[in-house]
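**Student:** Pasting a structure below so you can have a look.
The values are calculated or read from the model by the stated rules, or taken from the named source; none is laboratory data. The shown structure was predicted, so the numbers you read here are calculated from the model rather than taken from an experiment. Please note: Cβ atoms are built from the backbone with ideal geometry, for glycine as well, and neighbour counts cover all protein chains shown. Each accessible area value is taken on the protein alone, full model and side chains, heavy atoms only, with ligands, DNA and RNA left out. Shrake-Rupley method; radii C 1.70, N 1.55, O 1.52, S 1.80 Å.
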Amino acid sequence: MDLMTFLQLGDSTFRLSTPLLLACLAGLFSERAGIFDIGLEGKMLAAAFFSGAIAFVSGSVWLGLLAGIGASLALSLVHGLASITFRGNQLISGVAINFLAAGLTVVVAQDWFGQGGRTPQLAGAARFQNITLPFTEQIGHVPFLGPVYVELISGHTFIVYLAALCVPAAWWLLFRTRFGLRLRAVGENPAAVDTAGISVVRLRFVAVGICGVLCGIAGAYLATALQAGFIKDMTAGRGFIALAALIFAKWKPVPAMLACLLFGFLEAASIRFQGQPWPGIGRVPVQFMQALPYVLTVILLAGFIGRAVAPKASGLPYTKER
Amino acid sequence: MQKMPAWADVVLIPLISLLLAAILSGLVILAIGENPWEALKLMISGSVGSSYAWGYTLYYATNFIFTGLAVAIAFHSRMFNIGGEGQAMLGGLGVAYVCLFIPWPHWSLALIGATAASALFGAAWAALPAYLQARRGSHIVITTIMFNFIAAAFLNYLLVNVLKPMGAMDPATAKFPAPTHLPSLHDILGAFGIPFSKAAPANVALLVAILACVGVWLLVWRTRLGYEIRAFGHSESAAKYAGISPTRIIMLSMLISGGLAGMMAINNVMGEAERLVLNSTEGAGFIGIAVALMGRSHPLGVFLAAILFGILYQGGAELALWTNIPREMIVVIQALVILFTGALDNMVRMPLEKLFLAIRRGQSATTAGE
């Protein structure tokens, strides 16, 4: 495999990891605060549709992004109401949100655009354009480092860089600020946080809100950057792969990035080598590659590669003592 | 003191939740420029208006009874089996193997064999997540979700590369041989002189589904194992104290659950398609969640909720055919039902409890005054 193939593979790994990473960090905030979220998929899907639709109608990708975040936040609010305010089952709420998004996006898309549940193709300012980083011309001819910089690091959309920045930001917020300490505490022992005079309900709503914003960006990326428009069910299980990555990363930001890069690489490689033998391995069925992230996560959960322990109060509604 | 009479819990709350879901669905239909009242009429005439319509409604309902019972039995041991979809896919594989490779003399024997195989394959697919939950503490919801995706990839691989007959284009098995074809409701009712549509896919699997309802009721409320499952579901620590093994209960309830989900395949694979196709389950595994929630995990409730969802499915297909309301509207309704009957249960329950308490206080005040 020559350098160019390798760099192209890396390039598409970055592109495909980005939505996973954003959704994974979204789940990280929610679950660290004690709210299970299996509705990542639905929030991304809703955001993908509304960002695509508004970007097409307005011609501005930024308005699209805002609309996507808004749609995702609205579903987050439903999840918060169900699981925080009314202390309902968080898993069932997540399932409902996934279906709600899967159904509503197609129903609304059909009504607005009449193209069988998709938005029209986006072009120009309605999409995120690739950004060429400075000094590509000067560094481009340097052997090895030049092509790495030009092909691999430069030339992605804004959201790819944003997602990369979100990792240290999430780490700092969660592990180096008072807010982060409280957020993690509310996922481990909400009664203690309550005793300290801090509102469990408010903290959890904030966490669910952050989750909504990140899922919104992830969904907008799918429709306005990775592809040119919304198509039915375009998340294609990415929300669940992100969930798998979150477990794989043991609910930590930097490992989350690594897990998402791994799963993104698996997807990139299965696209790159579809129908041809892999270098050094031979033919691999494409279905095997599709199942691999899930298989790896189950093996991890089985305790063969370390042990994944979720935040202690995750999934449990908090009832204040009277 | 009990806050609410039992009938309110069993009947009133699901009905109010259903009404809320229906109102919101109506608003969605209104928003896309259609008339909700006309849509409702069309749905009802399209799903129960003729024996043809009933044939489809009952066919869908049969699927949902199996997956609904699967989710319900797991709910009793407080397990959330979200993997009905994958287990039903594997059940289909079991049915395909049994029908294709065993020369059955008669459909009745084939049905017994296929039922056993589908239950076995479905249970096997639930076994590993159950084991991981029981012994390794890994969350059953996460593992069963993962197993749904693994099942889809596995089946896709088998159909494309292994089971597809030579020269065929679409990824599906060969047609099952004629002796395995199940009698439809047309054949069964015809034997009693009752006319029924010949074109509809409802078949003898409906009777198996009803038997399964009775079986689950007997199991949960009339056997020692059922008692242990319910005790475990109410309080794990109390059950442990009473000498009930958590591992055993988790494994058994999940195996039964997976088996029931797998048995759906005798309806959709053996009864209708008569071969195994890609995505044969069409999301029925997930609808089982809505059905179990609506039916309050009771077999009779599951049966009624499954009929309701059968009506929704068949009616929704009619809507898509005759109006501008796409088929996905059913998914929206299904989501709203899950949301209101499952996640937002307390939103309906808490005001009702207050109301009943207020009524009761009023009554005791008047009796005290006399």
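**Student:** What residue, of A:GLY34, A:GLY59, is on the phi > 0 side of the Ramachandran plot, surrounded by 24 or more Cβ atoms within 10 Å (Cβ to Cβ) and touching a Gly at 6+ places or on another chain (Cβ under 8 Å)?
**Tutor:** A:GLY34 is the lone residue from the list that is on the phi > 0 side of the Ramachandran plot, surrounded by 24 or more Cβ atoms within 10 Å (Cβ to Cβ) and touching a Gly at 6+ places or on another chain (Cβ under 8 Å).
**Student:** Sort out which residues of segment A:228-280 are over 18 Å from A:ALA163 (Cβ atoms) and among the charged types (D, E, K, R), and write them in order of number.
**Tutor:** Once the filter is applied, which keeps residues that are over 18 Å from A:ALA163 (Cβ atoms) and among the charged types (D, E, K, R), segment A:228-280 yields A:LYS232, A:ASP233, A:LYS250, A:ARG272.
**Student:** A:VAL286 passes all but one of (1) more than 9 Å from chain B (Cβ to nearest Cβ); (2) surrounded by fewer than 18 Cβ atoms within 10 Å (Cβ to Cβ); (3) more than 28 Å from B:MET329 (Cβ to Cβ); which number fails?
**Tutor:** In the conditions (1) more than 9 Å from chain B (Cβ to nearest Cβ); (2) surrounded by fewer than 18 Cβ atoms within 10 Å (Cβ to Cβ); (3) more than 28 Å from B:MET329 (Cβ to Cβ), A:VAL286 misses (1) alone.
**Student:** Among the residues that make up segment B:120-130, is at least one of them at the interface with another protein chain (Cβ under 9 Å from one of its Cβ atoms), closer than 30 Å to A:GLY94 by Cβ and either surrounded by fewer than 22 Cβ atoms within 10 Å (Cβ to Cβ) or free of Cβ contacts under 8 Å to residues at least 24 places away in the same chain (or both)?
**Tutor:** yes
**Student:** Something else now. Would you tally the residues in segment A:234-261 being part of a loop (DSSP other than H, G, I, E, B), within 12 Å of chain B (Cβ to nearest Cβ) and aliphatic (A, V, I, L, M)?
**Tutor:** So the answer is 1.
**Student:** It is to be established whether one or more residues within segment B:132-143 are under 28 Å from B:SER245 (Cβ atoms), touching a Pro at 6+ places or on another chain (Cβ under 6 Å) and either within 12 Å of another protein chain (Cβ to nearest Cβ) or open to solvent by 10 Å² or more (accessible area, probe 1.4 Å) (or both).
**Tutor:** Yes, some residue in segment B:132-143 is under 28 Å from B:SER245 (Cβ atoms), touching a Pro at 6+ places or on another chain (Cβ under 6 Å) and either within 12 Å of another protein chain (Cβ to nearest Cβ) or open to solvent by 10 Å² or more (accessible area, probe 1.4 Å) (or both).
Table: residues versus (1) buried (at least 21 other Cβ atoms within 10 Å of the Cβ); (2) within 7 Å of another protein chain (Cβ to nearest Cβ); (3) over 19 Å from A:SER30 (Cβ atoms).
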site	(1), (2), (3)
A:PHE86	no, yes, no
A:VAL95	yes, yes, no
A:ALA102	yes, yes, yes
A:VAL107	yes, yes, yes
A:GLY116	no, no, yes
A:GLN121	no, no, yes
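**Student:** Right, here's the next one. Only helices (runs of 4 or more DSSP H) wholly contained in segment A:128-206 count here; list those with 3 or more residues that are farther than 30 Å from A:SER60 by Cβ and open to solvent by 80 Å² or more (accessible area, probe 1.4 Å).
**Tutor:** Here the list reads A:158-176, A:178-188.
**Student:** Sticking with this one: Go through segment B:41-60 and count every residue that is within 23 Å of the chain's Cα centre (by Cα) and under 29 Å from A:ASP111 (Cα atoms).
**Tutor:** Number of matching residues: 9.
Listed here are the residues, each with its yes/no results for (1) away from every other protein chain (no Cβ under 11 Å); (2) open to solvent by 20 Å² or more (accessible area, probe 1.4 Å).
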| residue | (1), (2) |
| --- | --- |
| B:GLU282 | yes, yes |
| B:ARG296 | yes, yes |
| B:PRO299 | yes, no |
| B:GLY310 | yes, no |
| B:ASN324 | no, yes |
| B:LEU336 | no, no |
| B:PHE340 | no, no |
| B:ALA343 | no, no |
| B:ARG349 | no, yes |
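**Student:** In addition: Taking B:LEU18, is it open to solvent by 20 Å² or more (accessible area, probe 1.4 Å), under 20 Å from the mean Cα position of the chain (by Cα) and under 26 Å from A:ALA101 (Cβ atoms)?
**Tutor:** Yes.
**Student:** Same structure again: On the given criteria, is A:LEU40 within 24 Å of B:ASN346 (Cβ to Cβ) and under 14 Å from the mean Cα position of the chain (by Cα)?
**Tutor:** Judged against the criteria, A:LEU40 is a match.
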